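The values are calculated or read from the model by the stated rules, or taken from the named source; none is laboratory data. In this text, all values refer to a predicted model and were calculated from it rather than measured experimentally. Cβ sites come from the backbone with ideal geometry, for glycine too, and all protein chains shown count toward neighbours. For the accessible areas, the whole protein counts, side chains as well, though only heavy atoms, and no ligand, DNA or RNA atoms are used. Shrake-Rupley method; radii C 1.70, N 1.55, O 1.52, S 1.80 Å.
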Amino acid sequence: MFLINCPFCGERDQSEFSSGGEAHIVRPKQPTELSDDEWAEYLFMRKNIKGIQFERWNHVHGCRKWFNVVRDTSNDKILSVYKMGEKPPVNYK
Amino acid sequence: MPNYRIHKTEYIDETKRVSFKYDGKTYFGYEGDTLASALLANGIHLVGRSFKYHRPRGIVSCGAEEPNAICQIGSKKSLTEPNVRATELELYEGLEASSQNCWPNVKFDIGGINNFISPLIPAGFYYKTFMWPKSFWKKVYEPLIRLSAGLGKSPTEPDPDIYDHKYVHYDVLVIGGGVSGIIAAKMAAKNNLKTLLVDDKKILGGSTIYQNNESIKIDDKLSSEWLKNEIQEIKKLSNLTIKTRTSIAAYHGYNFLLAKENLTDHLPEEKKKNKIRQRLWKIRAKKVVIATGSIERPLVFNNNDRPGILLSNSINKYLDYYGVTCGENIILFTNNDSTYETSISLHKKGIKNIIVDLRKSASSELIKQAESLGIKIYFNHVVTNTFGYRKINSLEIMKLSEDGNTTVGNKIRLSCDCLGMSGGWTPMVHMHTQSGGKLDFRDEDQVFLPKENSEDQISVGSCNGDFDLENIIDKTVNKINKFLDIDNQDYQDTNIICSKENDKRNIWLLPNKIPLGKTKCFIDFQNDSTAKDIKLALKEGFRSIEHVKRYTTTGMATDQGKLSNMHALGIIADTAGVKMGTLGTTTFRPPFTPLTFGTLVGRNVGKFFEVVRKTSMHEWHVENNAEFENVGQWKRPWYYAKKGENMHDAVQRESKAARDSAGILDASTLGKIDIQGTDASEFLNRVYTNAWSKLAIGKCRYGLMLNEDGMVYDDGVTTRISENHYLMTTTTGGAANVLSKLEDYLQTEWPELDVYLTSVTDHYSTASICGPNSKKILNKIFPNLDLSDENFPHMSFKEDKLENINCRIMRISFTGELSYEINIESKYGHSLWKMCIEAGKEFNLTPYGTETMHLLRAEKGFIIVGQDTDGTMTPSDLQMDWIVSKKKYDFIGKRSLYRSDTIREDRKQLVGLLTDDPKEILEEGAQIVSDVKSKPIDMLGHVTSSYFSPNLNKSIALAVVRSGKTMKGQKLIIPMENKNINVTVSDTIFLDKENKRLNA
Ligand SMILES: [Zn+2]
């Protein structure tokens, strides 16, 4: 059970959060311009990395804010948290 | 009756005699006994039958690793408990226990025959034999196996006991109250760290607490005396919490651990009453010290499973802790020094014993002590066979060859009534690996050890592979100082003297002149798997330890292979000719020892199982005989049966009344989201499929919400309260998810929008009045409100007051009737409802529930998201193309509406169905076909909603059917178990297509 450091509330138990999958997948500004394949890429394709992964989490039973998490999925260590709209930390690739 | 209690110890209170029943017979023990020690004191070793061969089995150990002494406790239907280890069960007055694995009884049983046909029961036997024919599995094989395997009985009535949960936070958690755990806890607590020490036993001290060998001393005292003093010291520390009878069940990431505390299991029945039985501790610790110790290994030789064969150190504990000897003529078979402590202690109490040692020689202090006492030692010897059916009575030993691969010389037969065995010690690395830690293998004594200690977790003591006391204490002190970054000097001058083991020899499968196929060298006592099974699995091509484990079932019983895993690995390594360390281990999964369901569930039983949401009108519904339906967490009135009515009658009456005169529905549970901000209109434009910018203030509009994949997600009516203020309604069940989804888009995709969302579901109560007389009723409640169609048309909104209390009134309809929804602050909901009922009396205003609501909307062909949709329906599939804006550039899900898959014409589409026999009501979920003759039958779709309409006097149904849009008028078939029902595809709207009733 993770301890997640919500950027707005501080460290809380994982049970207060819900995971929202891979981060930094931006909704296309002009979906109508996209081919079926391009739209499907946005809609369905996710990386599911073993290793350092950028994820979205929501403090759903707390401040209800969405934020980003850098997590090493091989050992579940959370390496960094940052707010929506902020750039991902450069030291993780 | 024989008495094997041969001396007094401080842990057994001989002034407190305890009577208990075992297999129906009454025995006596003392307070402080476990069931196992009390049985042994009565001379009882035989406690069950083995799983596969039904061989007699006895008590083997004194702790959690016990594979044989598994009991069924209690006889009450609600309280009986299977799989209890007699070695852990504290004795109490009135305890009733029976051996679990012994059908029809422990002394003679049918399954014993398996012993003689055992060559026919090899590894994988169950897989190979009981597979075919398939139909035999459920009716023949499984009941037979279950019966003869004697798996325990579950209670058949609800558990009356109380269980508890508790959340705690500590700086340091120490797991295990042996010598290293006590030292670690003391160091941490004395350094002002808030510390929790847990131990699964009744008292602290581990195996050192009954240590009484003169060659092992701390500060000139016996190690047990020194430790008792330490325990007294730590009990005084104010920031140390000590929890005994508490075992860690699971070690999760981020130092989150679950522990089970036993509070009343050791008490007699009358003292258990009204007390919490077990408590689950949910522990978050900054640092965790693992000091879980080690368990002794058995040895694998022919017939190593007879009653009377125990682990050597367990014999020692029964003797020095419980005062009980396991025999009067004992042989100890070992490969290490620890057994010599047992031997010397037995000798001092006058119990004759001799030692058979695998090692060629040994030279430590302990061995010299044993030799000087005149204890006979057979070095370089191995036990090759044992004899005695219900209990061991003699054994054979032979000399080992130089390389240990075979035996040489003549057999020597020795008589005995008990055999102690010790194959060395296995560090309990379960906690370390559960936390994600890796293991290293130490060749010298063939043990897996914690590989790395992380900054928030460390292993100390014998679970870290440190076995002699000097090593344990020195290393623990150094490691804890470093780990906690402290400088504790308490043990600086502690003077430890102990015997040092110099000689080691390990043989996983002991050699024998008899071919392996004819021996019974047990590895897993509980699942009855032998060395031969492991070798057979390897011969049949299994390589991975995980596969061998499953194929032979080694290590898969309730003891999870605590005694057997190492030997299985060792034999695989030896057979395959690889180094043991390279094989890895099987995964150590939680729980370490079994947990009761009660502990896991805690207080969340009965009405506390889940949150129940009730509307303000709930009491009125109860008083008026409503049956309730669960919708999410809400309790909604389903129907209100009058005297003599069944559900069908009630629904028919309610539905008719709503259309003939007036009906009232408690609609408070619909999700309500308050939307405010300068971009509120633009936001709605993006989340709904239809256009919102032009909705006038005071008007309402129905909206359909999609997922980004184009599938219908939710629907509801949204009202524009003012320029930048909307009130959205959602389905009852979808409310929370819709809010989350909208928040997600606002926060992550469109942060530039000035929009604020607030859930107000609980803030308002809603009474929905429909029917031709609804306007008259409204007029009585709001006499000042102009209800004319010009002033207050369909799909519009007004505010008015009910005795100073603000109300929001929407003229919207989910039934197709003229209809008003009155919203009022929740606390006035009950009063509002009663006023409506009162005002409606003269118009036969009839309260109706969700079933009637569903029926009325189905007559009108309105969908229910989640009933007529299932996450695979687009608006077009629902024949709702009219609600999808062609003009809007984008909205959630728009692009997906013309993906190659969503524009397929043969998708399942919503249609109406009319049964040829208008009285026939279809079953929701029933499959739809066009032809029942050609096989395989082509499934076209299924019925989603089905009712008998009292207003149309016929059966109506909604369904999803492949290419349904083009099938109007076509005949289809609903095949049921005993008949085929003929139906015709129809329009989805069955009543009032012209919407005349809305303005009635
Ligand atoms: Zn937060």
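Say we look at the range A:1-57 and pick out the residues that are basic (Lys, Arg) and over 19 Å from residue A:89 (Cβ atoms); which of these is nearest to the other protein chains (Cβ to nearest Cβ)?
A:27
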Next on the checklist: Any residue in the range B:162-175 that is over 15 Å from residue B:280 (Cα atoms) and aliphatic (A, V, I, L, M) sitting within a Cβ distance under 9 Å of a residue that is part of a strand (DSSP E or B) and open to solvent by 40 Å² or more (accessible area, probe 1.4 Å)? List the pairs, counting only those 6 or more apart or interchain.
Outcome noted: B:172/B:286; B:172/B:287; B:173/B:286; B:173/B:287
Checklist outcome for this item: Scanning the range B:253-280 for residues that are within 14 Å of another protein chain (Cβ to nearest Cβ) and of a type outside the set (A, V, I, L, M) gives B:253, B:254, B:255, B:256
Checklist entry - Tell me, which residue of the range B:779-818 that is in contact (Cβ under 8 Å) with a residue 60 or more places away in the chain and among the polar types (S, T, N, Q) is farthest from residue B:726 (Cα to Cα)? => result B:815
Item to check | Residues located in the range B:167-207, provided they are farther than 19 Å from residue B:293 by Cα and among the basic types (Lys, Arg) | outcome: B:190, B:194
Item to check | Residue within the range B:206-226 that is touching an Asp or Glu at 6+ places or on another chain (Cβ under 7 Å) and either closer than 30 Å to residue B:596 by Cβ or of a type in the set (Gly, Ala, Ser) (or both) present | outcome: yes
Checklist entry - Is there a residue in the range A:72-86 that is within 9 Å of chain B (Cβ to nearest Cβ), under 30 Å from residue B:886 (Cα atoms) and away from the ligand (no atom under 16 Å from the Cβ)? => result no
Item to check | Some residue of the range B:762-776 being touching a Leu at 6+ places or on another chain (Cβ under 6 Å), open to solvent by 30 Å² or more (accessible area, probe 1.4 Å) and away from chain A (no Cβ under 14 Å) | outcome: yes
Checklist outcome for this item: Picked from the range B:691-723 (must be charged (D, E, K, R) and within 14 Å of chain A (Cβ to nearest Cβ)), the residue farthest from residue B:891 (Cα to Cα) is B:709
Item to check | Residue count for the range A:4-47, restricted to those that are in contact (Cβ under 8 Å) with a residue 24 or more places away in the chain and either open to solvent by 50 Å² or more (accessible area, probe 1.4 Å) or within 13 Å of the ligand (Cβ to nearest atom) (or both) | outcome: 15
Checklist outcome for this item: Conditions (1) under 42 Å from the mean Cα position of the chain (by Cα); (2) charged (D, E, K, R); (3) open to solvent by 30 Å² or more (accessible area, probe 1.4 Å) -> residue B:337 fails only (3)
Checklist entry - Is there a residue being in contact (Cβ under 8 Å) with a residue 40 or more places away in the chain, over 30 Å from residue B:853 (Cβ atoms) and out of contact with any Pro (no Cβ under 7 Å at 6 or more places or on another chain) anywhere in the range B:904-926? => result yes
Checklist outcome for this item: Just one listed residue, out of B:615, B:587, is assigned to a loop (DSSP other than H, G, I, E, B) and open to solvent by less than 50 Å² (accessible area, probe 1.4 Å), and it is B:615
Item to check | Residue check for residue A:53: away from the ligand (no atom under 16 Å from the Cβ), free of Cβ contacts under 8 Å to residues at least 12 places away in the same chain and not charged (D, E, K, R) | outcome: no
Checklist entry - Has the range B:752-770 got at least one residue that is within 23 Å of residue B:660 (Cα to Cα), modelled with pLDDT of 95 or more and not in a strand (DSSP E or B)? => result no
Next on the checklist: Every residue in the range B:667-698 that is part of a strand (DSSP E or B) and touching a Phe, Trp or Tyr at 6+ places or on another chain (Cβ under 7 Å), please.
Outcome noted: B:672, B:675, B:676, B:688
Checklist entry - If we keep just the residues of the range B:838-867 that are of a type in the set (A, V, I, L, M) and part of a loop (DSSP other than H, G, I, E, B), which is surrounded by the most Cβ atoms within 10 Å (Cβ to Cβ)? => result B:845
Checklist entry - Do we have residue A:64 as in a loop (DSSP other than H, G, I, E, B), within 15 Å of the ligand (Cβ to nearest atom) and within 11 Å of chain B (Cβ to nearest Cβ) here? => result yes
Checklist entry - What number of residues in the range A:43-60 are farther than 27 Å from residue B:706 by Cβ and assigned to a loop (DSSP other than H, G, I, E, B)? => result 3
Item to check | Per-region count, the range A:48-93, residues open to solvent by 40 Å² or more (accessible area, probe 1.4 Å), among the basic types (Lys, Arg) and farther than 24 Å from residue B:739 by Cβ | outcome: 4
Item to check | Pair list, Cβ under 6 Å, 6 or more apart: the range B:217-228 residue crowded, with 18+ Cβ neighbours inside 10 Å, other residue among the β-branched types (Val, Ile, Thr) and part of a loop (DSSP other than H, G, I, E, B) | outcome: B:223/B:216
Checklist entry - Which condition number in (1) outside any loop (DSSP other than H, G, I, E, B); (2) surrounded by 15 or more Cβ atoms within 10 Å (Cβ to Cβ) is the one that residue B:801 fails? => result (2)
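Per-residue answers, yes or no, for (1) outside any helix (DSSP H, G or I); (2) within 25 Å of residue B:624 (Cβ to Cβ):
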{"residue": "B:791", "(1), (2)": "yes, no"}
{"residue": "B:794", "(1), (2)": "yes, no"}
{"residue": "B:809", "(1), (2)": "yes, yes"}
{"residue": "B:814", "(1), (2)": "yes, yes"}
{"residue": "B:822", "(1), (2)": "yes, yes"}
{"residue": "B:830", "(1), (2)": "no, yes"}
{"residue": "B:833", "(1), (2)": "no, yes"}
{"residue": "B:836", "(1), (2)": "no, yes"}
Item to check | Count - residues of the range B:884-920 that are of a type in the set (Lys, Arg), open to solvent by 70 Å² or more (accessible area, probe 1.4 Å), assigned to a loop (DSSP other than H, G, I, E, B) and closer than 22 Å to residue B:967 by Cβ | outcome: 1
Next on the checklist: Suppose we keep only residues that are basic (Lys, Arg) and touching a Leu at 6+ places or on another chain (Cβ under 8 Å) within the range B:361-399. Which one would you say is least open to solvent (accessible area, probe 1.4 Å)?
Outcome noted: B:391
